[in-house]
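Have a look at the structure below before the remarks.
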Amino acid sequence: MPPEPWIVHKFGGSSLADADCFRRVAAIVEELAASRVALVLSACRGVTDQLISLVATAEANDSVGCEASLEQLGRRHESIATELLGADLCARYVAALHADLADLCRLLQAVALVRSAGRDLQDRVSGLGELWSSRLFAAFLTARGHRDSVGWVDAREIIVVEWTALGPGVQWGPSRDNAARCIPDSAHTIVIPGFVATNTRGLQTTLGRNGSDFSASIFASLLDAAEIVIWTDVDGVLSADPRQVPDAKVIDSLSYDEAMELAYFGAKVIHPQTMAPAIGKGIPIRIRNTFSPQKPGTSIVATPASQLIVKGITSIDDVVLINVEGAGMIGVPGTAHRLFGALHDAAASVILISQGSSEHSICCAIPAAQAETAMRALRRAFATELRDGQIQSIEATAECAIIAVVGDGMAGLRGIAGQLFSALGNAGVNVRAIAQGASERNISVVVARIDAPKALRAVHAAFYLSPHTLSIGLIGPGTVGSTLLQQIASQADRFRNEFNLDLRVRGIATSRSMLLAERSIDLGQWREQLARDGQPLDLGRFVAHIAATHVPHRVMIDCTADAGVAGHYAAWFEAGLHIVTPNKKANSAGLPEFRRMQQARRSSGTHYLYEATVGAALPIIMTLRDLRDTGDGIQLIEGIFSGTLAYLFNVFDGSVPFSDIVREAKALGFTEPDPRDDLSGIDVARKLVILGRELGMSLELAAVEVESLVPPELRSCEVAEFLDRLPEFDGRISERLTAARRAGRLLRYVGRLTAAGRATVAVEAIDANHAFANMALTDNIVRFVTDRYHDNPLVVQGPGAGPAVTAGGVFGDLLRLAAYLGAKLQ
């Protein structure tokens, strides 16, 4: 019976950062016992960079710096070994480590004498990290009971390469002979240092950056492996950079060509060169996350199963667009040859090329760091034509970025380019150059660098298309929730008929009961149906119903103010549900809980819309994001954030007791179910926490300085008792009103958030001509003081309380979600 096929697993530096990481990798390896495994290891995180830096330190004759770095390297590896290995194995490993460090010290002393290190020496030094990590891991597996099945294989004794202008070229004949000699057929688990090899002169060399990935691909070819698994610190290949497109998701499968296109344009994928040996033998590659091994990752194969038209949208930032233009170029052979020859001589890397059919101009994009040298080379190459006017100009446009849309499914499909340019146009992004290969696998555009984040988001939203049906579950059909259902009912037919958008409310849940419908609840009769057909609330069943797989998009709308409901958000994201809510509890929860929720959302690729948490239907969060995303610096956010308290202090003039105004506001639906949630200031404090976290602050609710209007004596009683006893305390607020009036001032309840992270909520006496003084009854008003809007702050003002405007804000978020998912609502 033939032996099991080999599977090559490569673990990167982030997977081997410390002892805990080594344990995690070992646990993964032990789950692979059914197959023969070749483990290709990078150096521990940061070690290769430290070794390269060490050579530069020696060249500078910095003996103190060298000694400190050597000591730190030795201490780090010895510490990991001490934690992982028994005394005997540890002693042997440490002895070998110290021998290497002693040799390294002598090499560095020689470098310091001549103040220069040749390529061979640099390669020898920079490859030590992989030797140390792989030997340590092999010893660790042995210590865990794999004594007879683990072998350490020195890649330098197998891989032979010859460096050329195109990089390291594998000498396959000698390498195969070496592999047959060094790796016995009986081997089950082998540990191999990545990155290192031997050149044709018999000297140690490396495979360049991303060399460990290349090692994995080479060994997969040499061993006729069934698969290559690249273990890293991400869940797979993402559809876009999640730092710029928060809703980016893991791509299930890619073709080799798609992966190479995405990698070329900066996506975190295995480097194209490293895939070549695997492609040559059709060996599948899978990208997986060491820290989430239960996730399937991304497969890279010849013919992927994924049905996605567009696989990824990626970008290259900080490029310069060079344009050579002139009537003398028309019909003249060799112009392009001269242009790109000059760029080659200047060692400039051309990322993108675009030429008009008139031949009047040629433009190309290159890295910004190479622009100055490239421009000098081009002006020299075309000096005669520039002097004689045959070429009118050679110009460089700085601060550009390239956006690339990649997918095999784009080939032959009409309208793809139209969708791309429509998305960019709707986002207000100007396209400066365009390039598309004949394969139709990639469309690339050059845009202003400042527009790149906006362009990425716009294009990403435009291409993740599917039937525009939303399965909707609504929790909390109270004052706001019932108004929202009424608003959806009034517009549902129009959206279905005009925009092919089907908003199916398939579940409604109260705190005790739920109503489920296979297709859609009749929103004109939902109360009667709930009373007649409602079932006891089973939240797990309710969520499973809304998340039905036959409906492409699933959204939960939480119209409660309940922290318990908000505590389910992470699980809902993991189940593939989008969430729309005015509930502030999730985004103002403790930071660990908040971050777990956000991580669940990012991991699942779902959407989370919560504009109504701060200003009902006012675009406060949206405005803040736009300011921040466009590079504006936020100095101060201040305002009246509570429509309830705005109403109370607008109406309160001393003629009617404050407690009566509170009772009236509750009856009008201007307060939370418990008015103390408003009067305590906690509602405003939560809004400041939400805004602070939008700015990236680690702001906790407890850190907000809050002046409460709830008498301490009434904080723990029932709502009815609170309202009945509140008149006992009217005198306190009346005294403050009187004092303010004597000074010619008004009372307002103001929240402030500074750039330094200080958040305050308090009653303030303000001048009668202040921007916060002249407001309609339930208005919110928010002032953004920024670098751009400093002398004349940006103000957002409008109704901030009441069921209609709050429900309208939630409805607006729901429609935004539909647009994100591909609905065309214009």
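Taking segment 531-562 as the search range and keeping residues that are farther than 23 Å from Phe811 by Cα and charged (D, E, K, R), which one is surrounded by the fewest Cβ atoms within 10 Å (Cβ to Cβ)?
Looking at the filtered set, the residue picked out is Arg532.
Determine which single condition Ser239 fails, assuming it passes every other condition in (1) open to solvent by less than 10 Å² (accessible area, probe 1.4 Å); (2) modelled with pLDDT of 85 or more; (3) not β-branched (Val, Ile, Thr).
Evaluating Ser239 over (1) open to solvent by less than 10 Å² (accessible area, probe 1.4 Å); (2) modelled with pLDDT of 85 or more; (3) not β-branched (Val, Ile, Thr) leaves (2) as the failure.
When you go through Leu470, Leu523, Leu516 one by one, which is the residue that is in contact (Cβ under 8 Å) with a residue 12 or more places away in the chain, open to solvent by less than 50 Å² (accessible area, probe 1.4 Å) and within 30 Å of Val406 (Cα to Cα)?
Working: Leu523 fails: within 30 Å of Val406 (Cα to Cα); Leu516 fails: within 30 Å of Val406 (Cα to Cα).
Every option except Leu470 fails the conditions.
Scan segment 737-776 residue by residue and report those that are surrounded by fewer than 13 Cβ atoms within 10 Å (Cβ to Cβ) and of a type in the set (D, E, K, R).
Arg742, Asp767
Of all residues in segment 26-50, count the ones that are out of contact with any His (no Cβ under 8 Å at 6 or more places or on another chain), crowded, with 22+ Cβ neighbours inside 10 Å and aliphatic (A, V, I, L, M).
Residues flagged as out of contact with any His (no Cβ under 8 Å at 6 or more places or on another chain), crowded, with 22+ Cβ neighbours inside 10 Å and aliphatic (A, V, I, L, M) within segment 26-50 amount to 3.
Yes/no matrix, rows are residues, columns are (1) open to solvent by less than 50 Å² (accessible area, probe 1.4 Å); (2) modelled with pLDDT under 80; (3) under 20 Å from Val245 (Cα atoms); (4) touching a Leu at 6+ places or on another chain (Cβ under 9 Å):
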| site | (1), (2), (3), (4) |
| --- | --- |
| Ala411 | no, yes, no, no |
| Ala427 | yes, yes, yes, no |
| Ala435 | yes, no, no, yes |
| Ser439 | no, yes, no, no |
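Could you check how many residues of segment 340-386 are of a type in the set (Ser, Thr, Tyr) and under 35 Å from the mean Cα position of the chain (by Cα)?
Applying the first criterion (of a type in the set (Ser, Thr, Tyr)) to segment 340-386 yields 349, 354, 357-358, 361, 373, 384.
Pick out the ones that are also under 35 Å from the mean Cα position of the chain (by Cα) and you get 349, 354, 373.
So the answer is 3.
Please work out if Ala226 is open to solvent by 10 Å² or more (accessible area, probe 1.4 Å), of a type in the set (Gly, Ala, Ser) and either out of contact with any Pro (no Cβ under 8 Å at 6 or more places or on another chain) or within 24 Å of Ala302 (Cβ to Cβ) (or both). Steps first, please.
Numbers: open to solvent by 10 Å² or more (accessible area, probe 1.4 Å): yes; of a type in the set (Gly, Ala, Ser): yes; either out of contact with any Pro (no Cβ under 8 Å at 6 or more places or on another chain) or within 24 Å of Ala302 (Cβ to Cβ) (or both): yes.
Yes; evaluated as a whole, the condition is true for this residue.
Check segment 689-703 and report whether any residue there is free of Cβ contacts under 8 Å to residues at least 12 places away in the same chain and surrounded by fewer than 22 Cβ atoms within 10 Å (Cβ to Cβ).
Restricting attention to segment 689-703, the residues satisfying the condition of being free of Cβ contacts under 8 Å to residues at least 12 places away in the same chain are 696, 702.
Okay, now just the ones that are also surrounded by fewer than 22 Cβ atoms within 10 Å (Cβ to Cβ), so 696, 702.
Checked against the condition, which is being free of Cβ contacts under 8 Å to residues at least 12 places away in the same chain and surrounded by fewer than 22 Cβ atoms within 10 Å (Cβ to Cβ), segment 689-703 yields at least one hit.
Please find, among Phe573, Phe499, Phe542, the residue that is touching a helix residue (DSSP H, G or I) at 6+ places or on another chain (Cβ under 6 Å), in contact (Cβ under 8 Å) with a residue 24 or more places away in the chain and of a type in the set (Phe, Trp, Tyr). It would help to see each step written out before you state the result.
Values: Phe499 fails: touching a helix residue (DSSP H, G or I) at 6+ places or on another chain (Cβ under 6 Å); Phe542 fails: touching a helix residue (DSSP H, G or I) at 6+ places or on another chain (Cβ under 6 Å).
From the options Phe573, Phe499, Phe542, the qualifying one is Phe573.
Give the number of residues within segment 22-51 that are over 30 Å from the mean Cα position of the chain (by Cα) and at pLDDT 90 or above. Give the derivation first.
The initial filter retains those residues of segment 22-51 that are over 30 Å from the mean Cα position of the chain (by Cα), namely 30, 32-38, 51.
Next cut, at pLDDT 90 or above only: 37-38, 51.
Residues flagged as over 30 Å from the mean Cα position of the chain (by Cα) and at pLDDT 90 or above within segment 22-51 amount to 3.
Determine which single condition Gly751 fails, assuming it passes every other condition in (1) closer than 17 Å to Val684 by Cβ; (2) outside any strand (DSSP E or B).
If we test Gly751 against (1) closer than 17 Å to Val684 by Cβ; (2) outside any strand (DSSP E or B), just (2) comes out false.
Quick check on segment 795-810. Is at least one of its residues over 24 Å from Asn583 (Cβ atoms), within 34 Å of the chain's Cα centre (by Cα) and loosely packed, with under 15 Cβ neighbours inside 10 Å? Quick ask: steps written out before the conclusion?
Of the residues in segment 795-810, the ones over 24 Å from Asn583 (Cβ atoms) are 795.
Still in the list and also within 34 Å of the chain's Cα centre (by Cα): 795.
Now narrow it down to the ones that are loosely packed, with under 15 Cβ neighbours inside 10 Å: 795.
Within segment 795-810, one or more residues are over 24 Å from Asn583 (Cβ atoms), within 34 Å of the chain's Cα centre (by Cα) and loosely packed, with under 15 Cβ neighbours inside 10 Å.
Restricting to segment 577-598, and then to whatever is in contact with a strand residue (DSSP E or B) (Cβ under 6 Å, 6 or more places away or on another chain) and part of a loop (DSSP other than H, G, I, E, B), can you tell me which residue is surrounded by the fewest Cβ atoms within 10 Å (Cβ to Cβ)? Write out each step before concluding.
Pass one, segment 577-598, residues in contact with a strand residue (DSSP E or B) (Cβ under 6 Å, 6 or more places away or on another chain): 577-581, 583.
Adding the requirement that they be part of a loop (DSSP other than H, G, I, E, B) leaves 577, 581, 583.
Numbers: Leu577: 23, Thr581: 27, Asn583: 27.
Per the criteria, the residue is Leu577.
Select the helices (runs of 4 or more DSSP H) contained entirely in segment 649-714, then report the ones holding at least 3 residues which are in contact with a strand residue (DSSP E or B) (Cβ under 9 Å, 6 or more places away or on another chain) and either of a type in the set (A, V, I, L, M) or under 15 Å from Leu726 (Cβ atoms) (or both).
On the way: elements: 658-667, 676-679, 682-694.
Because the criterion is at least 3 residues that are in contact with a strand residue (DSSP E or B) (Cβ under 9 Å, 6 or more places away or on another chain) and either of a type in the set (A, V, I, L, M) or under 15 Å from Leu726 (Cβ atoms) (or both), the helices (runs of 4 or more DSSP H) in segment 649-714 that meet it are 682-694.
Return only the number of the condition from (1) open to solvent by 40 Å² or more (accessible area, probe 1.4 Å); (2) among the acidic types (Asp, Glu); (3) touching a helix residue (DSSP H, G or I) at 6+ places or on another chain (Cβ under 9 Å) that Glu528 does not satisfy.
Just one mismatch for Glu528, condition (3).
If Leu814 satisfies every condition in (1) more than 29 Å from the chain's Cα centre (by Cα); (2) modelled with pLDDT of 95 or more; (3) within 30 Å of Pro477 (Cα to Cα) but one, which is the exception?
So Leu814 meets the others, but not (1).
Check segment 158-169 and report whether any residue there is at pLDDT 90 or above, in contact with a Gly (Cβ under 9 Å, 6 or more places away or on another chain), open to solvent by 10 Å² or more (accessible area, probe 1.4 Å) and not in a loop (DSSP other than H, G, I, E, B). Please lay out each step first, then the result.
Here is the first cut: in segment 158-169, the residues at pLDDT 90 or above are 158-162.
Those still in the list that are in contact with a Gly (Cβ under 9 Å, 6 or more places away or on another chain) too: 160-162.
With open to solvent by 10 Å² or more (accessible area, probe 1.4 Å) added as a condition, the list becomes 160, 162.
When the remaining residues are screened for being not in a loop (DSSP other than H, G, I, E, B), the result is 160, 162.
Within segment 158-169, one or more residues are at pLDDT 90 or above, in contact with a Gly (Cβ under 9 Å, 6 or more places away or on another chain), open to solvent by 10 Å² or more (accessible area, probe 1.4 Å) and not in a loop (DSSP other than H, G, I, E, B).
So, Val94, is that one without any contact (Cβ under 8 Å) to a residue 60 or more places away in the chain, assigned to a helix (DSSP H, G or I), farther than 14 Å from Ala112 by Cβ and among the β-branched types (Val, Ile, Thr) or not? First the steps, then the outcome.
Values: without any contact (Cβ under 8 Å) to a residue 60 or more places away in the chain: yes; assigned to a helix (DSSP H, G or I): yes; farther than 14 Å from Ala112 by Cβ: yes; among the β-branched types (Val, Ile, Thr): yes.
In short, yes.
Could you look through segment 371-406, keep only residues that are among the hydroxyl-bearing types (Ser, Thr, Tyr) and in contact with a strand residue (DSSP E or B) (Cβ under 9 Å, 6 or more places away or on another chain), and pick out the one that is nearest to His337 (Cα to Cα)?
Taking segment 371-406 first, the residues among the hydroxyl-bearing types (Ser, Thr, Tyr) are 373, 384, 393, 397.
Right, trim to in contact with a strand residue (DSSP E or B) (Cβ under 9 Å, 6 or more places away or on another chain) and you get 393, 397.
Numbers: Ser393: 18, Thr397: 22 Å.
If we take residues in segment 371-406 being among the hydroxyl-bearing types (Ser, Thr, Tyr) and in contact with a strand residue (DSSP E or B) (Cβ under 9 Å, 6 or more places away or on another chain), then Ser393 is nearest to His337 (Cα to Cα).
Arg601 - would you say it is under 24 Å from Ala807 (Cα atoms), basic (Lys, Arg), at pLDDT below 95 and buried (at least 23 other Cβ atoms within 10 Å of the Cβ)?
Values: under 24 Å from Ala807 (Cα atoms): yes; basic (Lys, Arg): yes; at pLDDT below 95: yes; buried (at least 23 other Cβ atoms within 10 Å of the Cβ): no.
No.
Of the numbered conditions (1) open to solvent by less than 30 Å² (accessible area, probe 1.4 Å); (2) in contact with a helix residue (DSSP H, G or I) (Cβ under 7 Å, 6 or more places away or on another chain); (3) under 13 Å from Leu474 (Cβ atoms), Val565 satisfies every one except a single condition; which is it?
Failing condition for Val565: (2).
Which residues, taken from segment 8-25, are in contact with a strand residue (DSSP E or B) (Cβ under 7 Å, 6 or more places away or on another chain) and crowded, with 21+ Cβ neighbours inside 10 Å?
Val8, His9, Lys10, Phe11, Gly12, Ser15, Leu16, Val25
Looking at this structure, is Val785 out of contact with any Ser or Thr (no Cβ under 6 Å at 6 or more places or on another chain), part of a helix (DSSP H, G or I) and of a type outside the set (D, E, K, R)? I'd like the intermediate steps shown before the answer.
Working: out of contact with any Ser or Thr (no Cβ under 6 Å at 6 or more places or on another chain): yes; part of a helix (DSSP H, G or I): no; of a type outside the set (D, E, K, R): yes.
Answer is no for this residue.
List the residue pairs whose Cβ atoms are under 7 Å apart, where the first residue sits in segment 596-625 and is on the phi > 0 side of the Ramachandran plot, the second is among the basic types (Lys, Arg), and the two are 6 or more positions apart or on different chains.
Every condition considered, the pairs that remain are Gly605/Lys249.
Hey, can you tell me all the residues within segment 704-722 that are open to solvent by 50 Å² or more (accessible area, probe 1.4 Å), modelled with pLDDT under 95 and not acidic (Asp, Glu)?
Residues satisfying the conditions are Pro712, Arg715, Ser716, Ala720.
Report, by residue number, each residue of segment 1-21 that is in contact (Cβ under 8 Å) with a residue 24 or more places away in the chain and either part of a loop (DSSP other than H, G, I, E, B) or more than 26 Å from the chain's Cα centre (by Cα) (or both). Break it down stepwise before answering.
Narrowing segment 1-21 to residues in contact (Cβ under 8 Å) with a residue 24 or more places away in the chain: 3-19, 21.
Once the filter is applied, which keeps residues that are in contact (Cβ under 8 Å) with a residue 24 or more places away in the chain and either part of a loop (DSSP other than H, G, I, E, B) or more than 26 Å from the chain's Cα centre (by Cα) (or both), segment 1-21 yields Pro3, Glu4, Pro5, Trp6, Ile7, Val8, Gly12, Ala17, Asp18, Ala19.
The values are calculated or read from the model by the stated rules, or taken from the named source; none is laboratory data. The shown structure was predicted, so the numbers you read here are calculated from the model rather than taken from an experiment. Cβ: placed from backbone, ideal geometry, glycine included. Neighbour counts: every protein chain shown. What goes into the accessible areas is simple: the full protein's heavy atoms, side chains included, and nothing from ligands, DNA or RNA. Shrake-Rupley method; radii C 1.70, N 1.55, O 1.52, S 1.80 Å.
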